[in-house]
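Colleague: First, the structure itself, so that you have it in front of you.
The values are calculated or read from the model by the stated rules, or taken from the named source; none is laboratory data. Predicted, not measured: the structure shown is a model, and the values here were computed from it. Cβ placement follows ideal geometry from the backbone for every residue including glycine, while neighbour counts extend to all protein chains displayed. Heads up: the accessible areas ignore ligands, DNA and RNA and are worked out on the full protein's heavy atoms, side chains in. Shrake-Rupley method; radii C 1.70, N 1.55, O 1.52, S 1.80 Å.
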Amino acid sequence: MTVRASVQCQAELLEGEAKGVGYLPSIMATGYTFAAWTVMQTSPETGQVTITNDETDSDLRIENVTMAPTADFAWISALPTFPQILKPGESLVFDVSFTPQAGGYRSVDVVIQHDAIQGAVPPYTQTTVIVDGAGAEPGEIEPINFGNILTCSTRADTVTIINPNPTQPLTCSTP
């Protein structure tokens, strides 16, 4: 950029060049994958959405963090007031709970609005991370790999089966 200045008692304008360096922050965001959990029961696991300013020179402005309305996932505590400013190396961590409403794969997008790009002022853009997990019907258990213990020969062996559902009994019957 060229700068021109008039100086008292000087006929010609003084001209100079202004130079500078600007920094844009860098964002690193991660979602969370829950272990499979029983439908309509809240998982004891605490999921986390983490946002980190992994820049070394400039602050990162988090304008907002949103999660689409869903009964499967919920923020454990209220989100802070936005905007939030993260200094270089700082992180924000948001705890999430998982209560699957149906069997199968469940997921939600968490959208983070921030200023980690060039553009108009304020230069907001979005980063999306996924929080997901699987709902298991009360009678379902994870598949058990019996390996080679079931053969046609007579043999005694012990197989441990863990009931993943803390509220429903697991009934096992032999074939």
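Colleague: Criterion first (under 24 Å from GLY135 (Cβ atoms), open to solvent by less than 50 Å² (accessible area, probe 1.4 Å), at pLDDT below 95 and in a loop (DSSP other than H, G, I, E, B)) does ALA116 satisfy it? If you could, list the steps in order and put the result at the bottom.
Modeller: Values: under 24 Å from GLY135 (Cβ atoms): no; open to solvent by less than 50 Å² (accessible area, probe 1.4 Å): yes; at pLDDT below 95: yes; in a loop (DSSP other than H, G, I, E, B): yes.
Against the criterion (under 24 Å from GLY135 (Cβ atoms), open to solvent by less than 50 Å² (accessible area, probe 1.4 Å), at pLDDT below 95 and in a loop (DSSP other than H, G, I, E, B)), ALA116 does not qualify.
Colleague: While we're looking at this one, here's another question. Taking the stretch 25-42 on its own, how many of its residues are of a type in the set (Ser, Thr, Tyr) and buried (at least 18 other Cβ atoms within 10 Å of the Cβ)? Lay out the reasoning, then the answer.
Modeller: Start the filter on the stretch 25-42 by keeping residues that are of a type in the set (Ser, Thr, Tyr), which leaves 26, 30, 32-33, 38, 42.
Those left that are additionally buried (at least 18 other Cβ atoms within 10 Å of the Cβ): 32, 38.
Selection size over the stretch 25-42: 2.
Colleague: Moving to a separate point now. Counting only residues that are crowded, with 19+ Cβ neighbours inside 10 Å and of a type outside the set (Asp, Glu), which one in the stretch 44-58 is farthest from ILE162 (Cα to Cα)? Don't jump to the end; show me each part of the working.
Modeller: Step one: filter the stretch 44-58 for residues crowded, with 19+ Cβ neighbours inside 10 Å, giving 47, 49, 51, 53, 55.
Add one more test, that the residue is of a type outside the set (Asp, Glu), and what stays is 47, 49, 51, 53.
Details: GLY47: 23, VAL49: 30, ILE51: 36, ASN53: 41 Å.
It comes out as ASN53.
Colleague: Now for a different question. Considering VAL3, VAL21, which residue is out of contact with any Cys (no Cβ under 9 Å at 6 or more places or on another chain), part of a loop (DSSP other than H, G, I, E, B), exposed (fewer than 12 other Cβ atoms within 10 Å of the Cβ) and modelled with pLDDT under 85?
Modeller: Numbers: VAL3 fails: part of a loop (DSSP other than H, G, I, E, B).
When all the criteria are applied, what remains is VAL21.
Colleague: From the list ASP109, ASP95, which residue is farther than 29 Å from PRO169 by Cα and either open to solvent by 70 Å² or more (accessible area, probe 1.4 Å) or modelled with pLDDT under 95 (or both)? Even if it seems obvious, please write down each step before you answer.
Modeller: Details: ASP95 fails: either open to solvent by 70 Å² or more (accessible area, probe 1.4 Å) or modelled with pLDDT under 95 (or both).
Residue meeting the stated conditions: ASP109.
Colleague: Between a residue in the stretch 28-56 that is under 19 Å from PHE98 (Cβ atoms) and among the acidic types (Asp, Glu) and any residue that is open to solvent by less than 30 Å² (accessible area, probe 1.4 Å) and in a strand (DSSP E or B), which pairs come within a Cβ distance under 8 Å, given they are 6 or more apart or on different chains?
Modeller: Going by the 8 Å Cβ cut-off, the qualifying pairs are GLU45/PHE98.
Colleague: Still on this model: Please find, within the stretch 59-89, the residue that is least open to solvent (accessible area, probe 1.4 Å) out of those that are at pLDDT below 95, charged (D, E, K, R) and not in a strand (DSSP E or B).
Modeller: ASP59
For (1) in contact with a Lys or Arg (Cβ under 7 Å, 6 or more places away or on another chain); (2) within 30 Å of GLN168 (Cα to Cα), each residue gets a yes or a no:
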residue: GLU15; (1), (2): yes, no
residue: GLN48; (1), (2): no, yes
residue: THR56; (1), (2): no, no
residue: ILE62; (1), (2): no, no
residue: ALA78; (1), (2): no, no
residue: SER91; (1), (2): no, no
